[in-house]
1. Sum -39500 (n - 2.57) across every DSSP H segment of at least 4 residues in the chain, then divide by the residue count to get the 222 nm mean residue ellipticity, nearest 500.
2. Please list, short to long, the whole-number percent of alpha-carbon pairs of the stretch 232-368 in consecutive 10 angstrom bins beginning at zero.
3. What does DSSP give for the chain in terms of the percent of beta bridges that are antiparallel, rounded to the nearest 5?
4. Tell me, what is a quarter of the convex hull surface for the C-alpha atoms of the stretch 74-175, in nm² with one decimal?
5. So if R0 is 41 Å, what FRET efficiency would Thr12 and Thr184 give, r being the distance between their Cβ atoms, rounded to the nearest 0.05?
6. Rounded to whole Hz and in sequence order, give me ³J(HN,Hα) for the stretch 354-361 from the Karplus expression 6.51 cos²θ - 1.76 cosθ + 1.60, θ = phi - 60°, writing x for Gly and Pro.
7. Among Tyr9, Tyr54, which comes first, second and so on when ranked by fewest other beta-carbon atoms within 10 Å?
8. Can you give the FRET efficiency for Arg75 and Thr335, using 1/(1 + (r/R0)^6), R0 = 25 Å, r = Cβ-Cβ distance, to the nearest 0.05?
Amino acid sequence: MNALLTDLYQLTMAAGYFEAGKIGERATFELFVRRLPARRNFLVAAGLQQAVEYLLDFRFEAGEIDYLRGLTQFRRARPEFFDYLAGLRFTGDVFAVPEGTVVFAGEPLLTVRAPIVEAQIPETFLLSTIAFQTLIATKAARIAETAAGRAVVEFGTRRAHSPHAGLLAGRAAYIGGCAGTSNTLAGQKFGIPVFGTAAHSWVQAFRAEIDAFRQLQSLLGDNTAYLIDTYDTAEGARNAVKLGRPMWGVRLDSGNILELARQVRRILDEAGHPDARIMATSDLNEYKILEYMAAKAPIDAFGVGTDLATSADAPSLGAVYKLVEMESNGERRYTAKFSKDKQTLPGSKQIFRYEDHDLVGCNWECPTCPPGARPAEVLQRPVIIGGQLVDRLPTAFEARERALASLAKLPVALRSLFAAERPWPVEYSPELLALRDKVAAFQPAEARG
């Protein structure tokens, strides 16, 4: 994670700000999602830890600056600009919703207020890490909700869009509600439970399936989960019960999972192993799990890989990072876009959560609460002030606990796999709308659309 991990135009704008004498002006940007992906009724915020680590370590190394000097786009840049980059650090403020918070379209997940270059260059990284992890955490929440208390393990690193994406997918999936991940590095870095035993190649490496099982049991004891479908699934289950305890259970990875699970459950029970568990894998997603649950399949845990680590049915999130304020010489100017279908609201904002709706208002507002109602929860919290971390960041476990609690407060219809008829209401305060109208009045006619 370094400052060069950004789009080139962030750096050309930085050079332009330097030449225009604007580097002392403070800018406020907000990161939010324009609209929810298909069949999503909510988002689970994730990725803040990596965003904060990036900002706290923000710097350009000498070799990176030399590389920029050699680009044709910077031929006209003065040497002083590169000297400026050499000493550049993030000295601004960050406000954000905590990881694990349920959020909705149009709500600012993150606000950055800093000298304009310090706020502009990080855009690419912030969008990438927060959008990706929020997408995966949300997918995991949907899968965990469908599994109805049965454990779900994230198995997707091998199919993720890069090894690093697999690492962060493991973290985000845990925040969203998975019991753990197969990614060992995610376990070490983030304190996430890790799961895994052996693959088909393990069974094939031995002359007899039962020999492979016996050796695995000797190694893993109570953690032994036999992969029983390498040759014949029923026979694999019989070989597993021949070895007796200790074992965790068995895993099914091919064939008609529903029918095989019922057959294997009978074999395990008749052999005196009612406590042995069955895990299903094999290209699962929330919709297949929903079918198994509706059929009362005797499955105790699910391993979900490709579909989870890539959020295959909704593989992108329309997150944006937009300028909402500029401040220079003590004068504040509010900014907004008025282009068709991509309008934004000016001014730094806050999210106020009530029991039955959210209110997005100006960050200086203190909305009143109806008589007898519970006061609104303020969602955005200070994270970095003056380039310094305000407090320690929550662990992945703490973020997961927040997500579980936040999701439990949603109406059941919003936790469905399908688009809700009545989305969660997100309203905008009269003061914020009045600010929008005031800013619009000073825009050229073409800017107002």
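1. My calculation for the chain gives -11000 deg cm²/dmol from helical runs alone.
2. With a bin width of 10 Å, the distribution comes to 9, 24, 17, 12, 13, 13, 9, 2, 0.
3. Approximately 65 percent, going by the DSSP bridge assignments.
4. 9.4
5. Computed FRET efficiency for Thr12 and Thr184: 0.55.
6. Using θ = phi - 60°, the values come out as 9, 5, 10, 6, 10, 10, 9, x Hz.
7. Ordered by Cβ neighbours within 10 Å, fewest first: Tyr9, Tyr54.
8. The computed FRET efficiency comes out at 0.25.
A short reminder: the numbers here are calculations on the coordinates, not readings from a lab. Quick caveat: nothing in here was measured; it's all calculated off a predicted structure. With ideal geometry, Cβ positions are generated from the backbone for all residues, glycine too; neighbour counts draw on all protein chains shown.
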